[in-house]
Amino acid sequence: MPTLRRIAARRPDRSADPSRRKTPRRRVGVGLIAALSLIAGLLVGQQFASAAVSHNPYGSLDTAAFQNGKLVLRGWAIDPDSTGPVLVRIYLNSTPTLIKADHSRPDVGAAHPGFGNNHGFDGVMTPVNGQYRVCAVAMNLGTGANTTVGCKDVAVNNNPIGGITSITPAPGGFLIRGWALDPNSTAPITAEINVDGVHAWPLANLALASIGTSYPYYGPNHAFAVKMPAPPGAHQVCLTGHNIGAGTPYTKFPCLSATSYSHPFGSLDSLTRLSATTVSAVGWTIDPDTNASSSVKFTVDGVATAASVAAVSRPDVAARFPAYTATHGYVVTVKANGNAHTICAIGVNLLAGADISLGCRTTLSTGDTTPAPVTGLAAAPASTIVTVTWAAARSVASPVTKYQILVVETGGIAIVSGTTLTRTFVGLQNGRTYTYVVTAFNALGAGSTATIKGTPVAIPPQRTAAPVSTSHYVRNLTGNAVTDAARMRAMGAADANANPSGHRYLILLQIGGQDQTRGGVLLSASSTYVSNAAVVLGMKAYLDGYATKDRPSAPMMLAVGTNNDVDVSAAAGASWARNIVNPLVAYVAKYPTLSVAGANDIEPGFSATAAESRSWLGGYLAATSARFVFNGSADGCSTVAAGSRCNNGWTMADLQWLSGGAAPTRTVSLPQIYNYAMPLQWRFISQTGTVGGKSRIYFGGPLTEWTACSQAGSCGSITNNDAWNKLWAAISATSATSQSELPFGTDLRIN
């Protein structure tokens, strides 16, 4: 039966926009309690107490995962009535096991001072294959009741894993490579190969570095390579892993189709004119029936000419076809007068089969020339970036095949295609002048060069109210690829067009709460479901649109956000990283001035506990190297003192950890600043870290909803410029929380 927490987590996301504000307790937490806290502090110098004391134990099931052939459990539990260890009952589906939470967890001790470090629990179980619901229940000591501190779904598979990695020709058949290992053992297992009923049983004990990288516990020695006979024609190649531990005796992996040939194969790689009467032909050829070096012959405009044995060393060919150890390359001088000609290479068959074409190429005439220098060369500098552009080089002989750009001061060389007329260089030193030498190439070689200089210029620190970018409560995704892409591309272009040069920008697209069961998101302020794939498609379109109007020296970080009000766990955090953020990070690499981060609207007034929210962030940070943008609130926290409690059992220490303490160099804090109490709350949350010897929070700037409230007509928010000034003043009031600049300011609108 699902827990109460699980039931609550399934409700639609309520965080998305001010037309459907947070729960009533959130409105009281952010508005009334913060204001009362300020008044009480000013009058009597005491913190406003906002949360009732709970005697129930609390904690977290941080990890429940099938790792290295074992079900590994890790978490922590504390009873507020005692500093002693708590017993934790682990349920594997309905089967209970009792363990003690008495292991050292310095991170838990630091986050919950007064209870000590020894409240962690670790466990290892060896269940049979199946799908399990793993729950941890902290057993109460004294007053209070037992508390479920976390549940996770885990798939256990004790069967071998592996697969066929390559099928390449070999004399008389195939060379088949692959790997197989048993998750319950580091010892090698037998890999059974079946090619149309012909079997081989190699031991998977060869070294393959990628296995050791992907499965470090098992090491690299789980690969195999076996030669199998196969007459010419189509074949099915199948792999079966022989189990040596728990699980089923044999595991069959997907079969692959492969075709064996009897005729030669190879390539005519290039033609180079040597003189007015000769051309050099370079390539390779293999006869699949034998390891011996085979022969190649040529035609010029259809007329037979030179022939030669392919006996030149080609390490690249040997690496692709390891079963053939002889030499198979050729470099042949072919007679051809000074006119243009079509020259073809033919692989000569040695045993069964027939001669076959290896390809044809056209050689240029002796009167053809290399390209002229490029024209229209320009360099556009920005902060740590210079973009070099040019007009196409004139090339009479043949099309330009590539452009080379040399950066003289660094020695770096960039190569772009013959149709590309721009190259952006990033990671440069501001204030240093760089020289760029551009050269066009065609089939005859390099043309003359053209040179230009460019000096990147730093964006000055932001110590006055930042230009306000537009962020969005996203409700307009539908899952229709065509309409979503068009709508988001237009939105991105409009947002970029509104952001002038000379500043940095952060834009938040608040999507909604995660729906882990279906693998998607419930859009903000609605129960509309869209898949993770639809979110990624929409965000890619937004980035494409933004790039079309992006201005020089105006870098932008796109924060793609969820919240802690629907499905909140370590698995959900990892899913946001792997399924949303990481694909977008890879995609945005083609836009040097744009970047992508994950974001989360984490609030004490939402359904997830502080422990669940911490687990989400831990899962996210472990699954990506991308940055994290915290855009939450500080419901019920003090405006006059550090280290206090906030609403619903949360503490300032919880919010300090989530908004920067967990990963100071990777986190940008973008707190909600909707009124004048909120900047003071965040000053003292940052100070909560510094008084405990931790780093201050790095604030990127304020998040407001002035526009969204105007659209909804049902809430209030100060302007972003006002919020920026109040936040800057609050954190600058003490050296413990001050910072050199506050670079961003962004205001939310609905869609």
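The values are calculated or read from the model by the stated rules, or taken from the named source; none is laboratory data. Computed from a predicted structure; not experimentally measured. Don't worry about glycine lacking a Cβ; one is built from the backbone with ideal geometry, like all the others, and counts go over all protein chains shown. Accessible surface is based on the protein model in full, side chains and every heavy atom, while ligands, DNA and RNA are left aside. Shrake-Rupley method; radii C 1.70, N 1.55, O 1.52, S 1.80 Å.
Does at least one position in segment 515-532 carry a residue that is open to solvent by less than 50 Å² (accessible area, probe 1.4 Å), at pLDDT 95 or above and under 27 Å from Pro381 (Cα atoms)? Within segment 515-532, none of the residues are open to solvent by less than 50 Å² (accessible area, probe 1.4 Å), at pLDDT 95 or above and under 27 Å from Pro381 (Cα atoms). It is to be established whether one or more residues within segment 375-391 are over 30 Å from Ile459 (Cα atoms) and either charged (D, E, K, R) or surrounded by 14 or more Cβ atoms within 10 Å (Cβ to Cβ) (or both). Among the residues of segment 375-391, not one is over 30 Å from Ile459 (Cα atoms) and either charged (D, E, K, R) or surrounded by 14 or more Cβ atoms within 10 Å (Cβ to Cβ) (or both), which makes the answer no. A count restricted to segment 300-332 and to residues that are open to solvent by 80 Å² or more (accessible area, probe 1.4 Å), within 16 Å of Leu271 (Cβ to Cβ) and within 51 Å of the chain's Cα centre (by Cα) stands at 1. In the set Ala155, Ala180, Ala187, only one residue is assigned to a strand (DSSP E or B) and open to solvent by less than 50 Å² (accessible area, probe 1.4 Å); that residue is Ala180.
I want to confirm something. Restricting to segment 576-595 and keeping residues that are touching a strand residue (DSSP E or B) at 6+ places or on another chain (Cβ under 7 Å) and closer than 19 Å to Gly519 by Cβ, which single residue is surrounded by the most Cβ atoms within 10 Å (Cβ to Cβ)?
Our first condition is that a residue be touching a strand residue (DSSP E or B) at 6+ places or on another chain (Cβ under 7 Å); within segment 576-595, this holds for 576-577, 580-581, 584-585, 588, 592-595.
Still in the list and also closer than 19 Å to Gly519 by Cβ: 576-577, 580-581, 584.
Working: Trp576: 28, Ala577: 21, Ile580: 25, Val581: 26, Leu584: 22.
Only one residue tops the list, namely Trp576.
Applying the selection to segment 190-199, what residues are touching a residue at least 40 places away in the same chain (Cβ under 8 Å) and in a strand (DSSP E or B)? Break it down into steps so the answer makes sense when it comes.
If we filter segment 190-199 for residues that are touching a residue at least 40 places away in the same chain (Cβ under 8 Å), which is where we start, we get 190-196.
Scanning segment 190-199 gives Thr190, Ala191, Glu192, Ile193, Asn194, Val195.
Checked against (1) open to solvent by 50 Å² or more (accessible area, probe 1.4 Å); (2) closer than 20 Å to Ile176 by Cα, Thr248 passes all but condition (2).
Yes/no matrix, rows are residues, columns are (1) open to solvent by 10 Å² or more (accessible area, probe 1.4 Å); (2) at pLDDT 95 or above:
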site: Val53; (1), (2): yes, no
site: Ala64; (1), (2): yes, no
site: Gly69; (1), (2): no, no
site: Gly75; (1), (2): no, yes
site: Thr95; (1), (2): yes, no
site: Ile99; (1), (2): yes, yes
site: Val134; (1), (2): no, yes
site: Gly142; (1), (2): yes, no
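Just one of the numbered conditions (1) among the charged types (D, E, K, R); (2) in a loop (DSSP other than H, G, I, E, B); (3) open to solvent by less than 40 Å² (accessible area, probe 1.4 Å) is not true of Asp747: (2). From the list Thr451, Thr455, Thr439, the one residue that fits, being open to solvent by less than 30 Å² (accessible area, probe 1.4 Å) and hydroxyl-bearing (Ser, Thr, Tyr), is Thr439. Within segment 255-269, take every residue that is hydrophobic (A, V, I, L, M, F, W, C) and farther than 20 Å from Ala311 by Cβ and give me the one that is surrounded by the fewest Cβ atoms within 10 Å (Cβ to Cβ). Among residues in segment 255-269 that are hydrophobic (A, V, I, L, M, F, W, C) and farther than 20 Å from Ala311 by Cβ, the one surrounded by the fewest Cβ atoms within 10 Å (Cβ to Cβ) is Cys255. Among the residues making up segment 596-649, a single one is touching a Cys at 6+ places or on another chain (Cβ under 9 Å), surrounded by fewer than 24 Cβ atoms within 10 Å (Cβ to Cβ) and part of a loop (DSSP other than H, G, I, E, B): Ser644.
Give me the pairs, please: first residue somewhere in segment 249-277 and more than 17 Å from Ala170 (Cβ to Cβ), second residue anywhere and basic (Lys, Arg) and part of a strand (DSSP E or B), beta-carbon distance under 9 Å, and either six or more positions apart or on two chains. From segment 249-277, the pairs are Leu268/Arg361; Asp269/Arg361; Ser270/Arg361; Leu271/Arg361; Thr277/Lys335. Evaluate the following for Ser625: is it hydroxyl-bearing (Ser, Thr, Tyr) and more than 16 Å from the chain's Cα centre (by Cα)? Spelling it out, it is not the case that Ser625 is hydroxyl-bearing (Ser, Thr, Tyr) and more than 16 Å from the chain's Cα centre (by Cα). Annotation note: of Phe174, Phe224, the sole residue that is among the aromatic types (Phe, Trp, Tyr), under 26 Å from Thr290 (Cα atoms), surrounded by 15 or more Cβ atoms within 10 Å (Cβ to Cβ) and without any contact (Cβ under 8 Å) to a residue 60 or more places away in the chain is Phe224.
Residue-wise test of (1) crowded, with 18+ Cβ neighbours inside 10 Å; (2) charged (D, E, K, R).
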{"site": "Val468", "(1), (2)": "yes, no"}
{"site": "Ser471", "(1), (2)": "yes, no"}
{"site": "Thr478", "(1), (2)": "no, no"}
{"site": "Ala481", "(1), (2)": "no, no"}
{"site": "Asp484", "(1), (2)": "yes, yes"}
{"site": "Met488", "(1), (2)": "yes, no"}
{"site": "Ala496", "(1), (2)": "yes, no"}
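Within segment 447-464, the set of residues being over 30 Å from Asn725 (Cα atoms) and either at pLDDT below 90 or not hydrophobic (A, V, I, L, M, F, W, C) (or both) comprises Gly447, Ser448, Thr449, Thr451, Lys453, Gly454, Thr455. Restricting attention to segment 398-416, and to residues there that are modelled with pLDDT of 95 or more and closer than 29 Å to Ala340 by Cα, which single residue is surrounded by the most Cβ atoms within 10 Å (Cβ to Cβ)? So the residue we want is Tyr403. Is it true that some residue in segment 219-230 is over 33 Å from the mean Cα position of the chain (by Cα) and not in a strand (DSSP E or B)? The answer is yes, given that some residue of segment 219-230 is over 33 Å from the mean Cα position of the chain (by Cα) and not in a strand (DSSP E or B).
Taking only segment 650-663 into account, find how many residues are in contact with a Phe, Trp or Tyr (Cβ under 8 Å, 6 or more places away or on another chain) and either closer than 22 Å to Gly59 by Cβ or open to solvent by 10 Å² or more (accessible area, probe 1.4 Å) (or both). Quick ask: steps written out before the conclusion?
Of the residues in segment 650-663, the ones in contact with a Phe, Trp or Tyr (Cβ under 8 Å, 6 or more places away or on another chain) are 652, 658-660, 663.
Filter once more, so that each one left must be either closer than 22 Å to Gly59 by Cβ or open to solvent by 10 Å² or more (accessible area, probe 1.4 Å) (or both): 652, 658-659, 663.
Residues that pass the stated criteria total 4.
Residues to consider are Ser710, Ser714, Ser740; find the one that is out of contact with any Gly (no Cβ under 6 Å at 6 or more places or on another chain), open to solvent by 50 Å² or more (accessible area, probe 1.4 Å) and under 21 Å from Ala663 (Cα atoms). Walk me through how you get there before you give the answer.
Numbers: Ser710 fails: under 21 Å from Ala663 (Cα atoms); Ser714 fails: under 21 Å from Ala663 (Cα atoms).
Being out of contact with any Gly (no Cβ under 6 Å at 6 or more places or on another chain), open to solvent by 50 Å² or more (accessible area, probe 1.4 Å) and under 21 Å from Ala663 (Cα atoms) holds for just one of Ser710, Ser714, Ser740, which is Ser740.
Going through (1) at pLDDT below 90; (2) in a loop (DSSP other than H, G, I, E, B); (3) within 21 Å of Val457 (Cα to Cα) one by one, Ser395 falls short only on (3). Of the residues making up segment 666-700, those that are in a loop (DSSP other than H, G, I, E, B) and either at pLDDT 95 or above or in contact with a strand residue (DSSP E or B) (Cβ under 6 Å, 6 or more places away or on another chain) (or both) are Arg666, Leu670, Pro671, Ile673, Tyr674, Asn675, Tyr676, Ala677, Ile697, Tyr698, Gly700.
For segment 270-283, a residue qualifies if it is open to solvent by 40 Å² or more (accessible area, probe 1.4 Å) and either in a loop (DSSP other than H, G, I, E, B) or closer than 18 Å to Asp355 by Cα (or both), and the qualifying residues are Leu274, Ser275, Ala276, Thr277. The strands (runs of 3 or more DSSP E) located wholly in segment 492-572 that include 1 or more residues which are of a type in the set (S, T, N, Q) and touching a helix residue (DSSP H, G or I) at 6+ places or on another chain (Cβ under 8 Å) occupy 512-515, 556-563.
Among the residues of segment 284-299, write down those that are among the hydroxyl-bearing types (Ser, Thr, Tyr), surrounded by 21 or more Cβ atoms within 10 Å (Cβ to Cβ) and in contact (Cβ under 8 Å) with a residue 60 or more places away in the chain.
Step one: filter segment 284-299 for residues among the hydroxyl-bearing types (Ser, Thr, Tyr), giving 285, 290, 293-295, 299.
Filter once more, so that each one left must be surrounded by 21 or more Cβ atoms within 10 Å (Cβ to Cβ): 285, 294.
Matches in segment 284-299: Thr285 only.
Restricting the first residue to segment 427-447 and requiring it to be within 30 Å of Pro555 (Cβ to Cβ) and touching a residue at least 24 places away in the same chain (Cβ under 8 Å), which pairs with a second residue that is assigned to a strand (DSSP E or B) and open to solvent by less than 10 Å² (accessible area, probe 1.4 Å) meet a Cβ separation below 6 Å and a spacing of at least six or different chains? Qualifying pairs under 6 Å: Tyr434/Val407; Tyr434/Gly454; Tyr436/Val388; Tyr436/Ile405; Val438/Ile405.
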